[in-house]
Amino acid sequence: MATDSKTRNLKKLLTEILETERTYVKNIDILAVRYLCPLSTETFVTTMEIKQLSESLQEILQFQRAFLQSLESVMDKHSEVYTSEDERIIRRAIFAVGGVFLFYAEQFKIYSSFCALYSKVQDILNAEENEPLRHFLDNQNKTGEHSQSLESFIILPIQRVLKYPLFLKQMTSLIAEGSDENQHICKACEEMQSVANHINEMQKLYVEFGDSFRCLSSQDLGVRDLYAERPSLTYAADNIPVIKSGYCIKEGNKMKSWKRRYFVLNEYGLFYYVSQESTEPLRFIPRDEMQHVKSSTVNKHTGGLYGMFELYTEDRTFFIECETPAEVQPWIKAIKSLLPRTRRKTTVLNQRDSVFYTSSGSLSNFKSGYCIKQGGKRKNWLSRYFVVNEDGIQYFTSDQSIEALKVIPSADVRGVQEVSGSQFGRENVFEIHTCCRTFYVQCETHEDLREWVSAIRRLLPHPKIQLNVGDLCTYGVVNWCNIGEIIGRKSQACKVITSLFVFRSGLVIICRQKKTEEEKAICPCSSEIFRTVIPVQDMVLDVITGKSGALYQWNITQSPIDTLPQRTYKFCSSSAEEKSRFVTAIRGTTRPKVKQPNTPFTENQIKNFPPKLECITRKLRTIRDKNPRGGSEVQSD
């Protein structure tokens, strides 16, 4: 088995594993209860990542408690190991500890989400640059029993999960090489090292695709939205199945001149071109921005009564004259069929000619009142009347004003948090992050500030579908055979890299433009031209069997969305193994899943664990005789 010195070291190692595990569970419990949970409700941090980190830590804490209880149970069952020199007792204890790691190894992958988020929140939780955060940490740690740096706590789960393979590797060095116990612990070490490698891989993946996953998580799954699917509008959807097309006369936006244009309506929205032969559109109106369409009672172009329709969008009203009066109703009917059923409610606009023009007092809101706002250009501070409702944020000169000075749609709000009083020499200031600007607003009291921040946070996008890397089943690059049918003729499969991600909740497709070596040297980042998520309940897998090129092909059909027809994505993998990997993972997500609970071993499991040592020993010796190189290829029951 082992020499006396190795036996003593082995007992010390078993004690160290158990004691450090108890300390670790205690520390992450403190991190969750005393720091991250209260921090997720504070006003001085952006809560989205903090909340996700807190939820991920709660899952880890629940799992680690079960793991610790199982470890304590088997060690109590083999407590004689600390005092006995009996080789049989020591062998049983080693098998028991290795069995606990083998039993829970796969579940350790829940650390993936936490470790991926860790790199994202390091800058957010920098107490040296965030005065309110420093005060918060001081209040939570008044006795000074914990480190002043929150980072020293948050890094604990990452350090711990990478420590397990080192413990097991150290254990194998204290056991006779080639013995049954050594092979058993080697197998546990390999499993835990595989978990560590998986976590490192998921961290890299999150750095590269994390922003896309977050955008898709907040996407309204009931609406097919061009902005969500195609972040790059470089290519027109020029060969998507057309709903209606034809020449019309359109009023210009600035010059108010009337020009003949060729209009094309497809599932993405309305495009118009200089002529039918043109390849690049002059303008594109996404379907998600269309709010209403109706026939015009007066033709602004000719002064007649018919032959024109009006298309209302978020920022403009389009006046379009058809070539014949008979064409008006077919155009209106086609556009109405495209309007999303669950589209965003109309937003108050800063335009006097808008049909959605309304006063500040007529809005149903989350919160309203006077605040002091910093100007965008002159940086002076002026009193304004703010209104926050489900459509976004508006501010007016006063509560009697009938026209908003500024409208911030809810879709543009990226975050809100309190700022340090030293930044402007003013107290109770918070900042609103939008897609194109940061607004600074001052309240009268800190309690008022908390209410404003809480109201604005209701506008932040909430996950509609969970795309945590901890729930990723498999991923890889495939060839998208019919990419032109969905993205457009210019987006040929040979010019893009299509990555597929199979999550437990759905399938994610992300396409990026291929770059030459010269282009990579100038800008290494590839631009995304398409991304979408297909929830598990909305997809049907079709495995193609045939010869030659169809051998590795498989299709995903997406159910109809918001009056739009179903889509079929045709993919081709590079090998039979690659195809099988994706097909197996997708089939696994569509089957009813029974989640293995994070519970410690029962008394019966402990009584019969490990299984009969003599039976295991016989099997290991038989396999070892067949595989003289043994070690890493041997698997125990």
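The values are calculated or read from the model by the stated rules, or taken from the named source; none is laboratory data. Worth saying up front: this structure is predicted, and the values here are computed from it rather than measured. Positions of Cβ are backbone-derived with ideal geometry, glycine not excepted, and every protein chain shown enters the neighbour counts. What goes into the accessible areas is simple: the full protein's heavy atoms, side chains included, and nothing from ligands, DNA or RNA. Shrake-Rupley method; radii C 1.70, N 1.55, O 1.52, S 1.80 Å.
General remarks:
- The set of residues in segment 267-294 that are of a type in the set (Ser, Thr, Tyr) and surrounded by fewer than 16 Cβ atoms within 10 Å (Cβ to Cβ) comprises SER275, SER278, THR279.
- Those residues of segment 530-544 which are surrounded by 21 or more Cβ atoms within 10 Å (Cβ to Cβ) and charged (D, E, K, R), in sequence order: ARG531
- Residue check: LEU221 meets all listed conditions (1) at pLDDT below 75; (2) assigned to a loop (DSSP other than H, G, I, E, B) but one, namely (1).
- Pair list, Cβ < 7 Å and 6+ apart or interchain, from segment 510-526 residues that are over 17 Å from ASP211 (Cα atoms) and open to solvent by 60 Å² or more (accessible area, probe 1.4 Å) to residues that are modelled with pLDDT of 70 or more and not small (Gly, Ala, Ser): LYS514/LYS495; LYS514/VAL496; LYS514/ILE497
Per-residue answers, yes or no, for (1) surrounded by fewer than 21 Cβ atoms within 10 Å (Cβ to Cβ); (2) touching a helix residue (DSSP H, G or I) at 6+ places or on another chain (Cβ under 7 Å); (3) of a type in the set (Lys, Arg); (4) without any contact (Cβ under 8 Å) to a residue 60 or more places away in the chain:
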site	(1), (2), (3), (4)
VAL407	yes, no, no, no
ALA411	yes, no, no, no
ARG426	yes, no, yes, yes
PHE430	no, yes, no, no
THR434	yes, yes, no, yes
GLN442	yes, no, no, no
TRP452	no, no, no, no
ARG458	yes, no, yes, no
LEU467	no, yes, no, no
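- From the list ASN253, ASN200, the one residue that fits, being over 30 Å from GLY415 (Cβ atoms), surrounded by fewer than 20 Cβ atoms within 10 Å (Cβ to Cβ) and out of contact with any strand residue (DSSP E or B) (no Cβ under 7 Å at 6 or more places or on another chain), is ASN253.
- Residue match in segment 161-178 (condition: among the basic types (Lys, Arg), over 16 Å from SER119 (Cβ atoms) and under 33 Å from the mean Cα position of the chain (by Cα)): yes
This table checks each residue for (1) of a type outside the set (D, E, K, R); (2) open to solvent by less than 30 Å² (accessible area, probe 1.4 Å); (3) part of a helix (DSSP H, G or I).
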| position | (1), (2), (3) |
| --- | --- |
| GLU19 | no, no, yes |
| ARG22 | no, no, yes |
| SER54 | yes, yes, yes |
| SER84 | yes, yes, no |
| ARG88 | no, no, yes |
| ALA93 | yes, yes, yes |
| VAL100 | yes, yes, yes |
| GLU106 | no, no, yes |
| TYR111 | yes, yes, yes |
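- Filtering segment 294-317 to residues that are in contact with an Asp or Glu (Cβ under 7 Å, 6 or more places away or on another chain) and outside any loop (DSSP other than H, G, I, E, B) leaves LYS294, MET308, THR313, THR317.
- Restricting segment 365-397 to residues that are under 20 Å from ALA455 (Cα atoms) and not in a strand (DSSP E or B) leaves a set whose member that is most open to solvent (accessible area, probe 1.4 Å) is GLU390.
- In the set ILE155, ILE185, ILE124, only one residue is closer than 23 Å to GLN58 by Cα and either of a type in the set (Asp, Glu) or at pLDDT 75 or above (or both); that residue is ILE155.
- Single unsatisfied condition, PHE44 versus (1) open to solvent by less than 40 Å² (accessible area, probe 1.4 Å); (2) assigned to a helix (DSSP H, G or I): (2)
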